[in-house]
Amino acid sequence: MNAAPQAESASRLQILRLPQVCQVTGFCRSMIYLLESQQRFPHRVRLGTRAVGWLEDEVQAWLLRRVQGSRNESAGEPLVSAIEAASSPADAPSPPQSLRGPSLL
């Protein structure tokens, strides 16, 4: 009696074609294929002789890992704190004299 759960999970599978994957990830076609060849992006599924697609769940999981990896969670500080600290004027180095303009003193 496993047919019902299998049919239910199979009905939830969503295939994304290349234009959709490009839109979701923000990458162009060549970058998607490059990352895939480097084992850094989910592998495509052959749909027909000349048609491929990607499982939406795998692409979404990959995106989630990218977002989590880009956040500063390993340091234990929230992302907002890291951004505020980086943009603090006290910590910013002063530009070289040639870029500051003439001195008024």
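The values are calculated or read from the model by the stated rules, or taken from the named source; none is laboratory data. These figures come from a predicted structure and were not determined experimentally. FYI the Cβ positions are ideal-geometry reconstructions off the backbone, even for glycines, and counts take in every protein chain you see.
Side notes on the structure shown:
- Every listed requirement among (1) of a type outside the set (S, T, Y); (2) surrounded by 13 or more Cβ atoms within 10 Å (Cβ to Cβ); (3) outside any strand (DSSP E or B) is met by R50 save one, (2).
- Test: R40 is at pLDDT 95 or above, basic (K, R) and either under 16 Å from the mean Cα position of the chain (by Cα) or not in a strand (DSSP E or B) (or both): yes
- Among the residues of the range 14-61, those that are touching a strand residue (DSSP E or B) at 6+ places or on another chain (Cβ under 9 Å) and aromatic (F, W, Y) comprise F41, W54.
- Within the set S88, S11, S70, S81, the sole residue that is within 16 Å of the chain's Cα centre (by Cα) and modelled with pLDDT under 90 turns out to be S70.
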